[in-house]
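Note sheet for the following structure.
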Amino acid sequence: MSGRARRSAAGKRPIEPSGAARVPLGPGLGAAVASGAMVAAAFPGPSLWPLAIVGWLPMLAWLRWRRPSVRRAAAMGLLAGTIVHVAVFYWIASTLEEMSGLPGAIALAALVAYGAVMGLHQALWLGLLAAVASPEAEQGRLGRWRWAGLAALIYLAVEVLIPFQFPWFLGNALYAAPTWLQGADVFGVVGLSALCVGVAALLAEAAPWRSGQRSLAPALAAAALLLVWWAYGAARLAQHDASPVQKRWTAALIQPNPTLAEKRSLRPRPRLPMLDRAIALTRGLDLKGVDVVLWPEGSLPFFYVPLPGDPDAQGLSADAMRAPPVLQQTSKRVRDFAKELNRPLVFGALRRTDPLWRERARNSAVIMTMDGQRRFYDKQLLVPFGEFMPGRDLFPALTEAIPGVSDMAAGSGDARFELAGTQVALTICYEALFAGHVWQAAGDADVLLNLTDDVWFGPTNAPELHLMVQVARAVELRRPLVRATATGISALVDAAGRVQLRTGIWQSDARIVTAEVRTLSSPFRLWGPWPVRVITGLVCLWLGWLLWSRRRQGS
C-alpha cells in the first residue's frame, strides 16, 4: 500500500488534485464578493467592526475546502481586494475631479485602477497561502493549526512588506471598539490584523463546506483566542484608568472650516477669510488656563515669509525677498496676533527656507511664541501624487504631468518640541499614518500633536478614515493625541484610544481640550515595529524555503 493510500485508510481526508479544473468558479466568486463586502463594511462609514474579525471567513473557507489552484486563489483575492479598496476609498474619484479636473469617467477608472493595485495585497496573500497549503503540503507537514497560523502570518507579512498609498490595515477597523484595540500596544495595529485573520482561519477550519467532518477544536481555539484578546484589552483599559496623571496639557483647537473655493483661489481676496475666521474663533474663546493655541495645517492663506530684520531674511529688504506685499502683511498679522495671545500659537503654512524662493516649498508647522520667537517643523513624509510626483527627480517632466499635484520638498530634523513645559511630538496630516515614523518621531514625548487639512476630500468617509488610523498611534505609544483639523474631525484621543472629544465635519468650531499624561507605557513604545519586521523576514525565508523544496521534489 502506498503512503497516500495508508494516510487515506487511517481516516484522514483523501487527497484530491488541486487545480482550477476541479474547482467551480461560482463559489470562489461568491466568496470573494462576500469577503470584500464584509471587510469594507468594517470600516467607516458602516463601521461594523466585528466584520474585521470574520470578514475573510468566506474566502478562507473556500480556499481551505475547495482547494483552488494558486492562480485561481490569487485571482479571487484580487477581486476581493479590489472590492474592499474601491468601497472604502470611493472618495478618490471625486477628489481627482475636484483637484485635477479629470472627467468623471476617467476619475472613476482611476479609482478602479487604484483598487486593483491595492488589491494585489490580497491576491499575494491568498496566492501564497494556496501555494504552501496544497493538499500535498497538508498531508505532509502542514496540519490545521499550522494552516491557520500561516494564514495570519502571511497576511501580516504582506501588510508590512507591500506599500500602501494610504497606509491602513485590517486591524485599524477596531478603533471603534477600544477594548479590542488595546493589543496594538504590543506589535502595532498589524498585529491586530494577524489576530483577525487567525480567528477567521480557525473558524474556516471548523466549518468545512463539503467534507462533512466537523471538529469543534478549531472553533474552541478561536473562542479562546477571542477571550484572551478581550481580557487583555479590558485589563489594559483598567490599568490606564488607574494610572496616576503626571501632568495635564490644555490646548485650544481652532477649526476655521475653509471652503474648497477659498483653498483653490489664486487671488488674495477670496483666501483672506480663512485667516479672519481663525482669528475670530480664537478670540471668541476664554483662553484662561489654555497652554497653547492650535490652528490646523494650511491655516495661513499664503506662504509664511520672514520679515525684514529676521535672521532667516538674511539681511534682505522686503523688495529683495520677492515676497508679494500680501504675504508680508499676513505673516506680520499672525505674528502680532501671537503676541496678543500671550501663549504659543502653532499653525500650518507653506514656506520656503530661503528668502529668494530658489528652493521648493515646504509644508510646515510654525511655532510662534508671544515674544516673537519662531520654530519650524517641515513635513517629512509627503503625499505621493498630491504633494509631489513620484519619479520627478529622474524625469523632471513629470513635475507638471498631472494638474493639481504640488512640487514640494520634504523636511528633516527633530519633530519634538517643548510647549508650555510639555514635550510634544508633531506630525502633519499624512505622516501620522505611519506607525514607524511616529514611533521614531515621538521618542520620550508626552503628547502626540497632529495638524491636518482634509478639505480636499469633501463630505465623505475620508476624514473618519484619517482619524481611525491616528487613533492607533495613541494606543501603540500610550500617549494622548491632540488633533487640529481645518474642516474636521478635530479630536482629543486618550492614551487608551478612546475619542474623548470630536468636532463635526464642514463646520467652524473652537474647542478647549485637556490631554492627560499618565505613567502607562507599552511594549511597542519600547521596540516599535522591529518585532513584526523580524517576523516578516522569518516568514519570507520559510516561504521561500518551502516553495523551493517543493519545486525541487517535483523536478
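The values are calculated or read from the model by the stated rules, or taken from the named source; none is laboratory data. Remember, it's a predicted structure, so these values are computed and weren't measured experimentally. A quick note on method: Cβ atoms are made from the backbone with ideal geometry, for glycine too, and the neighbour counts reach across all protein chains shown. The protein model used for the area step is the full one, side chains on, heavy atoms only, and it has no ligands, DNA or RNA in it. Shrake-Rupley method; radii C 1.70, N 1.55, O 1.52, S 1.80 Å.
How many residues are among the hydrophobic types (A, V, I, L, M, F, W, C) and part of a helix (DSSP H, G or I) if we restrict to the stretch 306-340? Walk me through how you get there before you give the answer.
Taking the stretch 306-340 and keeping what is among the hydrophobic types (A, V, I, L, M, F, W, C), we get 307, 313, 316, 318, 320-321, 323, 326-327, 334, 337-338.
Going one step further and asking which of them are part of a helix (DSSP H, G or I), we end up with 313, 326-327, 334, 337-338.
Residues flagged as among the hydrophobic types (A, V, I, L, M, F, W, C) and part of a helix (DSSP H, G or I) within the stretch 306-340 amount to 6.
Examine the stretch 341-350 for a residue that is over 11 Å from VAL366 (Cα atoms), in contact with a helix residue (DSSP H, G or I) (Cβ under 9 Å, 6 or more places away or on another chain) and part of a helix (DSSP H, G or I), and state whether such a residue exists.
Going residue by residue through the stretch 341-350, those that are over 11 Å from VAL366 (Cα atoms) are 341-343.
Applying the additional criterion that residues be in contact with a helix residue (DSSP H, G or I) (Cβ under 9 Å, 6 or more places away or on another chain) yields 341.
Adding the requirement that they be part of a helix (DSSP H, G or I) leaves 341.
So far as the stretch 341-350 goes, yes, one or more of its residues are over 11 Å from VAL366 (Cα atoms), in contact with a helix residue (DSSP H, G or I) (Cβ under 9 Å, 6 or more places away or on another chain) and part of a helix (DSSP H, G or I).
Is it the case that ALA133 is over 24 Å from TRP230 (Cβ atoms) and either among the charged types (D, E, K, R) or touching a Leu at 6+ places or on another chain (Cβ under 9 Å) (or both)? Talk me through it step by step, then tell me what you get.
Numbers: over 24 Å from TRP230 (Cβ atoms): yes; either among the charged types (D, E, K, R) or touching a Leu at 6+ places or on another chain (Cβ under 9 Å) (or both): yes.
When the stated conditions are applied, ALA133 passes them.
Do you know which of the residues in the stretch 535-555 that are touching a residue at least 12 places away in the same chain (Cβ under 8 Å) and either in a strand (DSSP E or B) or within 25 Å of the chain's Cα centre (by Cα) (or both) is farthest from GLN239 (Cα to Cα)? Show your work before the answer.
Residues of the stretch 535-555 touching a residue at least 12 places away in the same chain (Cβ under 8 Å): 535-536, 539-540, 543, 546-547, 550.
Still in the list and also either in a strand (DSSP E or B) or within 25 Å of the chain's Cα centre (by Cα) (or both): 535-536, 539-540.
Values: ILE535: 28, THR536: 31, VAL539: 34, CYS540: 36 Å.
My answer is CYS540.
Checking TRP439 against (1) in contact with an Asp or Glu (Cβ under 8 Å, 6 or more places away or on another chain); (2) at pLDDT 95 or above; (3) within 26 Å of GLN255 (Cβ to Cβ): exactly one of these is not met. Which one?
Failing condition for TRP439: (3).
So if I check each of GLU476, GLU464, which one is surrounded by fewer than 24 Cβ atoms within 10 Å (Cβ to Cβ), under 16 Å from the mean Cα position of the chain (by Cα) and not polar (S, T, N, Q)? Explain how you work it out, then say what you get.
Values: GLU476 fails: surrounded by fewer than 24 Cβ atoms within 10 Å (Cβ to Cβ).
So the residue among GLU476, GLU464 that is surrounded by fewer than 24 Cβ atoms within 10 Å (Cβ to Cβ), under 16 Å from the mean Cα position of the chain (by Cα) and not polar (S, T, N, Q) is GLU464.
Tell me which residues, restricted to the stretch 144-166, are surrounded by fewer than 18 Cβ atoms within 10 Å (Cβ to Cβ), part of a helix (DSSP H, G or I) and not hydrophobic (A, V, I, L, M, F, W, C).
ARG146, GLY149
So the check is Cβ under 6 Å with 6+ separation or different chains; which pairs have a first residue in the stretch 444-455 that's under 13 Å from ASN257 (Cβ atoms) and a second one that's modelled with pLDDT under 95 and basic (Lys, Arg)?
Within 6 Å, the pairs are VAL455/LYS263.
Any chance you could count how many residues in the stretch 105-116 are within 17 Å of the chain's Cα centre (by Cα) and not aromatic (Phe, Trp, Tyr)? Even if it seems obvious, please write down each step before you answer.
Keep residues of the stretch 105-116 that are within 17 Å of the chain's Cα centre (by Cα), which gives 114-115.
So of that shortlist, the ones also not aromatic (Phe, Trp, Tyr) come out as 115.
Within the stretch 105-116, residues that are within 17 Å of the chain's Cα centre (by Cα) and not aromatic (Phe, Trp, Tyr) number 1.
Exactly one of (1) open to solvent by 40 Å² or more (accessible area, probe 1.4 Å); (2) within 19 Å of ASP336 (Cβ to Cβ); (3) touching a strand residue (DSSP E or B) at 6+ places or on another chain (Cβ under 6 Å) is unmet by ASP312. Its number?
It fails just one condition, (3).
ASP454 passes all but one of (1) under 17 Å from the mean Cα position of the chain (by Cα); (2) of a type in the set (D, E, K, R); (3) at pLDDT 95 or above; which number fails?
With respect to (1) under 17 Å from the mean Cα position of the chain (by Cα); (2) of a type in the set (D, E, K, R); (3) at pLDDT 95 or above, ASP454 is out only on (3).
I'm trying to understand the selection: among the residues of the stretch 306-326, which are at pLDDT below 90 and among the β-branched types (Val, Ile, Thr)? Give the derivation first.
First pass over the stretch 306-326, keeping only residues at pLDDT below 90: 306-325.
Once the filter is applied, which keeps residues that are at pLDDT below 90 and among the β-branched types (Val, Ile, Thr), the stretch 306-326 yields nothing.
Within the stretch 251-270, track down each residue that is out of contact with any Gly (no Cβ under 9 Å at 6 or more places or on another chain), of a type outside the set (A, V, I, L, M) and touching a residue at least 12 places away in the same chain (Cβ under 8 Å).
If the condition is that a residue be out of contact with any Gly (no Cβ under 9 Å at 6 or more places or on another chain), of a type outside the set (A, V, I, L, M) and touching a residue at least 12 places away in the same chain (Cβ under 8 Å), then PRO256, THR259, GLU262, PRO268 are the ones that fit.
Out of all the residues in the stretch 176-198, which are open to solvent by 40 Å² or more (accessible area, probe 1.4 Å), over 17 Å from the mean Cα position of the chain (by Cα) and not aliphatic (A, V, I, L, M)? Outline the logic, then answer.
Filtering the stretch 176-198 for residues open to solvent by 40 Å² or more (accessible area, probe 1.4 Å) gives 176, 180, 187, 195.
Next cut, over 17 Å from the mean Cα position of the chain (by Cα) only: 180, 195.
Across the stretch 176-198, the qualifying residue is only TRP180.
Determine which single condition ASN342 fails, assuming it passes every other condition in (1) closer than 17 Å to MET370 by Cα; (2) surrounded by 14 or more Cβ atoms within 10 Å (Cβ to Cβ).
With (1) closer than 17 Å to MET370 by Cα; (2) surrounded by 14 or more Cβ atoms within 10 Å (Cβ to Cβ) applied to ASN342, the lone miss is (2).
Within the stretch 260-281, how many residues turn out to be of a type in the set (Asp, Glu) and crowded, with 17+ Cβ neighbours inside 10 Å? Walk me through how you get there before you give the answer.
Our first condition is that a residue be of a type in the set (Asp, Glu); within the stretch 260-281, this holds for 262, 276.
So of that shortlist, the ones also crowded, with 17+ Cβ neighbours inside 10 Å come out as 262.
Qualifying residue count for the region: 1.
Scanning for something over 24 Å from the mean Cα position of the chain (by Cα), part of a strand (DSSP E or B) and either among the aromatic types (Phe, Trp, Tyr) or at positive phi (or both), does the stretch 225-248 turn up at least one residue?
No, the stretch 225-248 contains no residue that is over 24 Å from the mean Cα position of the chain (by Cα), part of a strand (DSSP E or B) and either among the aromatic types (Phe, Trp, Tyr) or at positive phi (or both).
What are the residues in the stretch 282-305 that are part of a helix (DSSP H, G or I) and open to solvent by less than 40 Å² (accessible area, probe 1.4 Å), if any? Talk me through it step by step, then tell me what you get.
Our first condition is that a residue be part of a helix (DSSP H, G or I); within the stretch 282-305, this holds for 282-283.
Within the stretch 282-305, just THR282 meets the criteria.
Looking only at the stretch 69-90, count every residue that is surrounded by 24 or more Cβ atoms within 10 Å (Cβ to Cβ) and more than 17 Å from PRO463 (Cα to Cα) and tell me the total.
Residues meeting the conditions: 6.
Residues of the stretch 50-69 being assigned to a helix (DSSP H, G or I) and at pLDDT below 95, which ones? Let's see the steps before the verdict.
Initial filter on the stretch 50-69 (assigned to a helix (DSSP H, G or I)): 50-54, 57-66.
Scanning the stretch 50-69 gives ALA61, TRP62, LEU63, ARG64, TRP65, ARG66.
When SER47 is evaluated against the numbered criteria (1) part of a helix (DSSP H, G or I); (2) at pLDDT 85 or above, which criterion, by number, is the only one it fails?
(1)
Look through the stretch 353-366, keep the residues that are farther than 13 Å from LEU300 by Cβ and of a type in the set (A, V, I, L, M, F, W, C), and return whichever of them is surrounded by the most Cβ atoms within 10 Å (Cβ to Cβ).
The qualifying residue surrounded by the most Cβ atoms within 10 Å (Cβ to Cβ) is TRP357.
Quick one: which strands (runs of 3 or more DSSP E) lie wholly within the stretch 471-534 and hold at least 3 residues that are more than 23 Å from ALA234 (Cβ to Cβ), at pLDDT 95 or above and not hydroxyl-bearing (Ser, Thr, Tyr)? Explain how you work it out, then say what you get.
Values: elements: 481-485, 491-493, 499-502, 509-518.
By residue number, 481-485, 509-518.
Residue under question is GLN329, and the condition is that it be modelled with pLDDT of 90 or more and open to solvent by 10 Å² or more (accessible area, probe 1.4 Å); does it hold?
When the stated conditions are applied, GLN329 passes them.
Could you list, ordered by first residue, the pairs with Cβ atoms under 8 Å in which the first is in the stretch 496-519 and touching a residue at least 24 places away in the same chain (Cβ under 8 Å) and the second is among the aromatic types (Phe, Trp, Tyr), at least 6 apart or interchain?
GLY497/TYR175; THR514/TRP249; ALA515/TRP249; VAL517/TRP249
How about the stretch 479-520: which of its residues are closer than 20 Å to VAL455 by Cα, surrounded by 19 or more Cβ atoms within 10 Å (Cβ to Cβ) and in contact with a helix residue (DSSP H, G or I) (Cβ under 7 Å, 6 or more places away or on another chain)?
ARG483, ALA486, THR487, GLY488, ILE489, ALA491, ILE505, ALA510, listed by residue number.
Out of ALA252, ALA338, ALA280, ALA261, which single residue is within 30 Å of the chain's Cα centre (by Cα), at pLDDT 90 or above and aliphatic (A, V, I, L, M)? Steps first, please.
On the way: ALA338 fails: within 30 Å of the chain's Cα centre (by Cα); ALA280 fails: within 30 Å of the chain's Cα centre (by Cα); ALA261 fails: at pLDDT 90 or above.
Unique residue meeting the criteria: ALA252.
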